[in-house]
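Q: Please see the structure below; I have some questions.
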Amino acid sequence: MHVTLDMPAAAPRYYQTFHPDTHSVRDELEGGLCRRDASIAPKFLYDALGSCLFGAITQVPEYYPTRTEQQIMARYADEIAQRTSQARVLVDLGAGDCVKAERLFGRLRPRQYVPVDISTEYLRGAVARLHTAYPDLDIVALGQDFSQTLALPDDVGTEGRLFFYPGSSIGNWAPEQALAMLARIRAACMDDGSGLLIGVDRVKSPDVLVPAYDDALQVTAAFNRNLLLHVNRLLRTDFALDDWRHLACFNAEASRMEMHLVATRAVTVNWPGRCRIFASGESIHTECSYKYQPQDFAALLDAAGFSDVAHWTDPEGWFSVFHARA
Ligand SMILES: C[S@@+](CC[C@H](N)C(=O)[O-])C[C@H]1O[C@@H](n2cnc3c(N)ncnc32)[C@H](O)[C@@H]1O
């Protein structure tokens, strides 16, 4: 049964389906570490400290995506508000500190706000702050890993769902995985008044891209290396920070930025029941960030079943914001 959204808002409700201390999380980490080309999924960058460090990254001068997206959203606020006027429920995918969604509250006036994030402790803090600032807003918070499924509980309103997926987080997936994620979002749009507002980073010079992922203050390096501390807790590995350095590079052929952790010497990493030997210079791939041409991303939206796509960009064409209807 679905609750009516005209009821006075109660305290935020939390639904936590992601639990880091499980066999499946350990299996996923172990599988990635034991592969010949070792990798750890970027979602593991986000424990509570990782989320704080990401917030700091958005403030460094080299990291253009956040401020460019914000400039686009501010410049085209009227058009965006007009196109999203049927929005009643704001579903914030990868909500982080919820600040970007909060900027939409004034014009959008959602009846319900649904932040979704894998960084559950950080999400709880962000939601507590929001509830104090907006005591009348109905908040349903989901501690969820949406990489496989996007499951909204029954007390999320079905009319006028606006999915908000900013920050070019969609770029963390390869295009075929991104298409699957967009299709999951499309499937969760239950009526014609629903849609998706999404930020997408664009192909540009490596002279701009690489510093954005390797800033002079080394905040991004700390963010990347913190993943090892997170994995030490989750899998009981014995990664030592001094053995690993941050590397960011542009893979032009795949149109993506990559982050790696590179072993500074020969290292054996141990955890209960197993170990993995890394040669000096061998790396663990920790993040991809695919960069799109606007027409290619519009085609992905179309393939996922969205229609009537609107597109806004900044004067330099560095970043794109799309709205697509269900
Ligand atoms: C690049 S940050 C963006 C944060 C914020 N939306 C912004 O644009 O500044 C990505 C966010 O998505 C969350 N996230 C990453 N992978 C996720 C997953 N598989 N399921 C749920 N949340 C995820 C992270 O915890 C983080 O808060």
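Q: Return the pair list, or none, for Cβ contacts closer than 9 Å from residues in region 57-79 that are aromatic (Phe, Trp, Tyr) to residues that are assigned to a helix (DSSP H, G or I), at least 6 apart or on different chains.
A: Here the result reads 63/57; 63/211; 63/212; 63/219; 63/220; 64/208; 64/212, each pair linking region 57-79 to a residue that is assigned to a helix (DSSP H, G or I).
Q: Sticking with this structure for a sec: Restrict the check to region 150-165 and report whether at least one residue is in contact with a Cys (Cβ under 7 Å, 6 or more places away or on another chain), more than 16 Å from the ligand (Cβ to nearest atom), touching a residue at least 40 places away in the same chain (Cβ under 8 Å) and over 22 Å from residue 290 (Cβ atoms).
A: yes
Q: Additional query: Has region 281-302 got any residue that is in the same structural domain as residue 67 (by TED's automatic domain parsing) and among the β-branched types (Val, Ile, Thr)?
A: no
Q: From 78, 37, 97, 92, which residue is in contact with a helix residue (DSSP H, G or I) (Cβ under 9 Å, 6 or more places away or on another chain), away from the ligand (no atom under 14 Å from the Cβ) and charged (D, E, K, R)?
A: None of the other options fit; the residue is 78.
Q: Could you count how many residues in region 166-186 are surrounded by fewer than 22 Cβ atoms within 10 Å (Cβ to Cβ), of a type in the set (A, V, I, L, M, F, W, C) and either touching a residue at least 40 places away in the same chain (Cβ under 8 Å) or outside any helix (DSSP H, G or I) (or both)?
A: Number of matching residues: 5.
Q: OK, next. Restricting to region 56-69, name every residue that is under 21 Å from residue 197 (Cα atoms) and surrounded by fewer than 18 Cβ atoms within 10 Å (Cβ to Cβ).
A: 67
Q: Which one of 201, 214, 191, 207 is closer than 30 Å to residue 253 by Cα, touching a Ser or Thr at 6+ places or on another chain (Cβ under 8 Å) and more than 14 Å from the ligand (Cβ to nearest atom)?
A: 214
Q: Another question about this same structure. What do you reckon, is residue 196 in a strand (DSSP E or B) and under 25 Å from residue 97 (Cβ atoms)?
A: Yes.
Q: Taking region 257-282, which residues are within 15 Å of residue 35 (Cα to Cα) and outside any strand (DSSP E or B)?
A: Across region 257-282, the qualifying residues are 279, 282.
Q: Sticking with this one: Checking the conditions here, which among 271, 244 is surrounded by fewer than 20 Cβ atoms within 10 Å (Cβ to Cβ) and of a type in the set (Phe, Trp, Tyr)?
A: Selected residue: 271, the only one of 271, 244 that is surrounded by fewer than 20 Cβ atoms within 10 Å (Cβ to Cβ) and of a type in the set (Phe, Trp, Tyr).
The values are calculated or read from the model by the stated rules, or taken from the named source; none is laboratory data. Keep in mind the model is a prediction, meaning the values are calculated, not measured. Counting neighbours? That spans all protein chains shown, and the Cβs are built from the backbone with ideal geometry, glycine included.
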